[in-house]
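Written below as C-alpha cells is the structure these notes are about.
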Amino acid sequence: MATLSDRMSINTQIEHLQSKYVGTGHPDISRFEWALNIHRDSYASYIGHHPMLAYFSTVENESIGRVKYDFLQKMLLPCGIPPKPQDAEEEEEEEMEDQGKK
Amino acid sequence: MHLYHLTLSRPSGVQTACYGNFSGPKAQEVVVSRGKVLELLRPNEMGKLVTVVSTEVFGCIRALAPFRITGASTDYVIVGSDSGKGLGRSSTEWSLDWTGEAASVAQKQLTFYELDLGLNHVVRKWSDPVDNGANMLIPVPGGADGPGGVLVCAENFIIYKNQDHEEVRAVIPRRNDLPGDRGVLIVSYASHKKKAYSFFLVQSEYGDIYKVTLEAQQETVTAVKVKYFDTVPPCASIAVLKTGFLFAASEYGNHALYQFIVANLLGEEIPQIYALTGRGPRSALAVLRPGLAVTELAASPLPGNPTAVFTVKHAMGDEFDAYIVVSFTNATLVFAIGEEVKETNDSGFLGTVPTLHTQLLADNSLLQVHPGGLRHIRPDRRINEWKVPGRRQITRATTNEHQVAIALGGDVIYFELDPMGQLLEAEKKEMGDDVACLDIAPVPEGRARCRFLAVGCYDSTVRVLGRALPAIPESLLMLYGGADEGGPDSGLFLQVALQNGVLMRTEVDRISGQLTDPRSRFLGTRPPRLFPVSVRAHRSMLALSSRPWLGFSDHGRFSIIPLSYEALDYAAGFASDQCPEGFVAVSKGSLRILAVENVGETFNQQVTRLRYTPRRLAIHPTHNTLFVAEADHAAIPLAEREDVKERLQAEGGMESDAVQGIEFDEDMAALEEQFGTPRGQPGQWAACLRIVDPATLSTAFVVELDNNEGIQSMCLAPLASPSATNGAVETMLVVGTASGLRYYPTECDAAYLRVYRILDAGRRLELLHKTQVDGGPVGALCAFKSRLLAGCGSILRLYELGKKKMLRKCEYKQLPHYIASLNACGSRIYVGDSQESVHFMKYKKADNHLYIFADDASPRYVTSVLPLDYDTMAVADKFGNVGVLRLPPDVSAQVIVYGTAMGGIGAFYPFSSREDADFFTHLEMHMRQEHPPLCGRDHMAFRSAYWPVKDCVDGDLCAQYPSALGAKQRSMAEELDRTPGEVLKKLEDIRNKIL
C-alpha cells in the first residue's frame, strides 16, 4: 500500500520531470498540446541528427541547410493555429445562439 | 542469435568542420565530424588532405568550434554533443561570445549575450526583433579588428546588426532560372581575417558562394556588399585556410548510399558490392571491391622473364631512388631514374650475373650481392670484390645500411661495414639445414647495428632463437610497429610467410630476441614473398601471393589489406619525383611502376555517372546486367531542359531529340556536378531507367519516363504470360511510378505499374503496357508465384500479367500506413510498413484471400528489410536502428552488410559459439566502464537511443581496446581470464572473419 510519503515522492518526481523535460505532460493535457509536444520533439530530433536531415533532403531534392531551416520554422506551429480554449468556444457558441434568437 | 557489429568503412560525409591550429602553432588543420567520428585533417605538401587522427566518440557531434586560451599558441576544439556534458545541446546557433535566435515567439529576436570570464557567466546585453527568415549568424570581429556586431543571414537577405547601430541590409543575388517563389538561403559560411581587410564567404543552398565585405567608417558600417564568387556543390561547412585553400565539406559527395547488392557478376575471387550513391547530377553507380586501389603509373615489357627487381638511391639523404635493378636468371639490367626510366651501363653493377640483392650502405657506397660474391662499389667508383670460397654459391642475402648477411647453403656469413668504409666478415654460423630465407631489420635510430637476424630454414624453423613452424618458411621480414611507431620503444615484429600461403606475425622481444604472441592469416594459394615498401613514410610490407597484399600500421594497429591488382612476381619499394611512395614490380615479363592511393580505405571503387538520383537497383539473374531506376523530385526532365538544347544548338549540328544525356558528355557532366541542375517546381519529376553492363560499367540502354512520373519501386518478376497455357513464365521488369508526387502531405495525381519486356540478352527494354492503379504511389513490388505483388499506398494487391494491362486478382486493405517493402518466400509474404514494422502475411489460394498471421508489436519506421531465412527478418528503420525479428528459433549464420545515408558500410556477424558471445559481451561491458567514449556520452544510452540494444555487441567500442591505457588493458584482460595479447588476437580474428 502506498503511504503518504510515497505519493509525495512520486509527485516531486513528476514535478522534477516536468521541470527538466518540456514535453512530459500532465493529466489535464489537451489533445492539441500532446500533439504539439510530439511534433516539436520529432523535429528537434531530426535537426539534431544530421543523417536524418540528409535522408529528408535526398527525398525532397533540397539542400540539407534548407531542410533544417524548414524544420526549424515548422517547430513554431507544427499543428496549425491552436484551437480556442474550451470556455472561449462555449462563450462564442452562446453568442451565436443569442444572435440566432434575436 | 548474438550479433557482433563492426563498421567496415566509416561514413565519409562531413557534417561540421572547424579550422584552427590544433597540433602546433603554425599547423593548418581542420577538425571534422563525420556523425559520430571526430577527425583531424591536414593538407600535405601535395595539396591532399591527410587524416592525422580519427576517433569514434559514440555520440552525436552537433557543433564544433575552435577555442584559444588567451596567450596560447594552439587551439582547443569545443565539441557540442548530445551527452549533456559538453557545451552544446542547444539547437540554436551559437558563436564565439554571443548567441541568439529565440524561436519561441512568432517574431524572431536577436539577442546579444556577453560572457563574463571572471564570473564564468553570460549576461544578456540587448535584444532586437529581426527578419523572420533569419537562419544563421556570422560574428563580425570587433575591437581592433573591425566594427564588431553580427551578420544575420535570412532568406534572400544578409543584414548587419550591432548594438546602437542601424541595421544595414543587402540582397543576395539570385540565379536567373530560379522560380519566383523560391528564396535563397545561406547554408554555410567561412570568415577570413587578414590585417588589411577581412571578408566572409557565404554559400547558398544552390551552391553559389558569395563574398561578403563590410564598408565601415570607424565603428559605423555604411554598406554590406555581396558579390558572386564561385560555385561548388552545397556544403555542410566551409573554411578558409591561411595557406589559401578553401576547405569545402560537401553535403553530398558521392558517398550517400541508397541501395547495394553484393554479387559476384564477374567471377572474381571476392564478390563485388554494387552500390547506388550520390544525388542529382552527382549520382553514380559504384562497384566496391574490398582492397586498395592501385594506380599503374608505367608498364613496359622486358626481354625475358625477370626473377627479381630492386631499387637503390644515390646517397643516404636522397629522397628519391636513383636506379631500378632488374635481375634475370643469367644477367642484370640497370635502369636510371630521371625524367624517364632509361637503361644505363655506368652504375658499376655487374651485368653478366643475376642479382640477389642490392643495398645503399651508410657511407653512400653501393652493394650488389650475386651468387658468386659481393660487389662493393665505393663512392669514388673503386670496386671491392669478395668472392665466395670454393665452388659454393650465395643462395640468399639480406642487408641493411650497416650489416650484410648471406647464406651459402646451410652457412650464414655475416659482414659489417667498418668506419673505413670496408665490409668485413664478422661471423660465420652453421645452421644445420639449408637456409630458405633471411631478414635483418634496418638499424634503429641512434644505434650502431640491429641486434637480430632472422633465419628461416628448410627444416621448418625460423631462428632468432629457433622456433618450430607448421610449414617451410618462404620469406621473412622484420618491421617496427606498435603504439609508438618508429620511436625507440616501438615493437619489433617478425613476419614469416610460409610455403602453405600463411603469413605469421610474431613479436620479437627487443632485449632477449624471444618470439611471442604469434598471429597467423591466410594470404593466398601461392607462397607469399615479402618486400619492404614505404607507406606514409614508414617501413611497411608488401606481400605477394596469389594476390598482392599491403601490410602497414594504421593508427597504431597493424592491418593487412589486399590490393586490387593482378598477381605480382617480385617487387621493391620505389620513390621518385612523380611517385613519392610507390613500388616497382615484375609480373609476366613486364616491369611496372605502381602506387597505392587512399591507404587505409577498406574498399576501392569504380564509378559510372548517372543522370538522376538512383532509387532502385536490380540484377538480371541470367543476363547479369544491372537495372538502375533513377528519379528526382523538383527537377526538370532532360527533354525539357532549355539550357541543354541551347547549348547543343550553339555547338551546332545535333537536333534536340538527339540529346543522349548529360552523363555521357564529360565536360557537361563536370559542369553540372559543380553548378547543379536548374530547379523545377514541387511535384515535378524527372526519371529514367538504365541498363548497365557490369564488366565495363557502361550504359547499354537508357529510357526517360514521360508523364511527370517518378519511379518509386522496381523489380524483376517472372510473370506467367497471358497467352501461354503451359505455365511458361517470362522475366519482366516492372516499375511502380507516381505522377506529380508531392510531399507534406504525400499525395500524387496518379500511380502506375509499367511493365517492360527485356530484349537483346538484357540490353534493351520495350514498354509492354502501363496500368493505372489507385490507392497511392506504388512503394514496393515483389514477384510472387508467377504473379506480382504491389503495395499501392496502404493497399496490398496481387496482379497477373494481362495482354493490355495488369489484372487485379486479390487485394488487402487493412495495412496501417504505407507499404515500404515487400518480400516473399514460399507462400509467405513479408510486408514492411513505413511506420508499423513488419507484418507476416499468407495467401490462401483456395479462397483467393490474403491475411496477416503475425506482426511486430513495436512501431518501427521501416526503410529496408532483408529476409534472413523463412522466419527471420533483418529490419532497418528511419532512425538508424537495425533489428532482427523472428518467429521461432533456428537461424542460419549469415553476415548482414548494410550501407547508410552518410556513406558508411558496416556488418553484423552472428557469433558461432556461446563462448565468443560471452567473451565479447563482457569485453564490451568492461570497455564501457574503463574506456568511456571521448565526448562523455553514455555508450549504452547512445546505442539505445530509440530502442534498447539487445544481444548485439558493439565491435567499434571493442576495437578501441588497443588504445586504452596499458594498465587498464591488463586489468580488463585479467577480469576476462586472458592476457592483453589474447584479447587483441580475438579482436583481430573476428575482424578477419567478417572481411
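The values are calculated or read from the model by the stated rules, or taken from the named source; none is laboratory data. On a predicted model such as this, the values are computed, not experimentally measured, just so you know. In this analysis, Cβ positions are derived from the backbone assuming ideal geometry, glycine residues included, and neighbour counts consider all displayed protein chains. Side chains are part of the model used for accessible areas, which takes the heavy atoms of the whole protein and leaves out ligands, DNA and RNA. Shrake-Rupley method; radii C 1.70, N 1.55, O 1.52, S 1.80 Å.
Numerical summary
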{"quantity": "Size of electric dipole in region B:290-382: Cβ of Lys, Arg +1 and of Asp, Glu -1, about Cα centre, debye, nearest 20", "calculated": "420"}
{"quantity": "Selection of trypsin sites (Lys or Arg not before Pro), region B:526-626, meeting DSSP coil and at most 15 other Cβ within 10 Å", "calculated": "B:536, B:588"}
{"quantity": "Proximal lysines relative to residue B:986, as straight alpha-carbon distance under 24 Å, when same-chain residues fewer than 8 apart are discounted", "calculated": "B:950, B:968"}
{"quantity": "Sequence-separation-based contact order of region B:495-542, relative, with Cα cut under 8 Å and 6+ spacing, percent", "calculated": "33"}
{"quantity": "Percent carbon-and-sulfur accessible area, the protein assembly as shown, ignoring ligands, DNA and RNA, probe 1.4 Å", "calculated": "51"}
{"quantity": "Separation of the residue B:164 and residue B:117 label points, Cα + 7 Å toward Cβ, nm", "calculated": "2.4"}
{"quantity": "Tilt relative to chain B, helix B:666-675 - C-alpha long axis, 0 to 90 degrees, to 10", "calculated": "60"}
{"quantity": "Chain B: calculated mean residue ellipticity at 222 nm from DSSP helix runs of at least 4, using -39500 (n - 2.57)", "calculated": "-2000 deg cm²/dmol"}
{"quantity": "Backbone HN-Hα couplings from phi across region B:30-40 [Karplus 6.51/-1.76/1.60, Hz, Gly and Pro as x]", "calculated": "10, 9, 10, 10, 10, x, 10, 10, 9, 9, 10"}
{"quantity": "Candidates per chymotrypsin sites (Phe, Trp or Tyr not before Pro) in region B:880-949, loop by DSSP, up to 16 other Cβ within 10 Å", "calculated": "B:946"}
{"quantity": "Sequence ranges B:4-12, B:323-331, B:635-643, ranked by mean other-Cβ count within 10 angstrom, highest first", "calculated": "B:4-12, B:323-331, B:635-643"}
{"quantity": "Gyration tensor (alpha-carbon) shape descriptor, region B:177-240, a/c threshold 1.5", "calculated": "oblate"}
{"quantity": "Ordering of A:24-33, B:236-245 by packing [mean C-beta count within 10 Å, highest first]", "calculated": "B:236-245, A:24-33"}
{"quantity": "Long-range amide H partners of residue B:4 with built H, under 5 Å", "calculated": "B:909, B:911, B:953"}
{"quantity": "Interface B:A - total buried accessible surface [probe 1.4 Å, Å², rounded to 100]", "calculated": "2900"}
{"quantity": "Relative contact order computed over chain B (Cα-Cα under 8 Å; 6+ residues apart), in percent", "calculated": "9"}
{"quantity": "Candidate lysines for bridging to residue A:74, where Cα separation is under 17 Å - those fewer than 8 sequence places away on the same chain excluded", "calculated": "B:108"}
{"quantity": "Positions from region B:893-912 whose accessible area shrinks by 30 Å² or more when the full protein complex is built, not the chain alone, probe 1.4 Å", "calculated": "B:901, B:902"}
{"quantity": "Tail beyond 24 Å, pair distance distribution of region B:815-947 (Cα, percent)", "calculated": "42"}
{"quantity": "Candidate lysines for bridging to residue B:193, where Cα separation is under 21 Å - those fewer than 8 sequence places away on the same chain excluded", "calculated": "B:26, B:161, B:211, B:225, B:227, B:242"}
{"quantity": "Unsatisfied cross-links (Cα-Cα over 20 Å) in the set B:313/B:387; B:813/B:845; B:809/B:845; A:68/B:125; B:805/B:845; B:785/B:805", "calculated": "B:313/B:387; A:68/B:125; B:805/B:845"}
{"quantity": "Estimated FRET transfer efficiency (residue B:852, residue B:922; beta-carbon r; R0 35 Å; 0.05)", "calculated": "0.30"}
{"quantity": "For the protein assembly as shown: rounded, prolate or oblate by the Cα gyration tensor [a/c cutoff 1.5]", "calculated": "prolate"}
{"quantity": "Probe 1.4 Å, accessible area per residue of the protein assembly as shown, Å²", "calculated": "47"}
{"quantity": "Probe 1.4 Å, all protein chains present, accessible-area order of B:828, B:742, largest first", "calculated": "B:742, B:828"}
{"quantity": "Degrees separating the helix B:914-930 axis from the principal Cα axis of chain B, which is the longest one", "calculated": "80"}
{"quantity": "Solvent-accessible ranking of B:538, A:16, largest area first, probe 1.4 Å", "calculated": "A:16, B:538"}
{"quantity": "Within region B:960-995, trypsin sites (Lys or Arg not before Pro) in DSSP loop having at most 16 other beta-carbon neighbours inside 10 Å", "calculated": "B:978"}
{"quantity": "Karplus 3J(HN,Hα) series, Hz, for region B:784-801 with 6.51 cos²θ - 1.76 cosθ + 1.60 (x for Gly, Pro)", "calculated": "8, 6, 6, 10, 10, 9, 10, x, 9, x, 9, 9, 9, 10, 10, 10, 10, 6"}
{"quantity": "Rounded to whole Hz, the Karplus (6.51, -1.76, 1.60) HN-Hα couplings of region B:524-537, x for glycine and proline", "calculated": "x, 7, 8, x, x, 10, 10, 9, x, 9, 9, 10, 6, 6"}
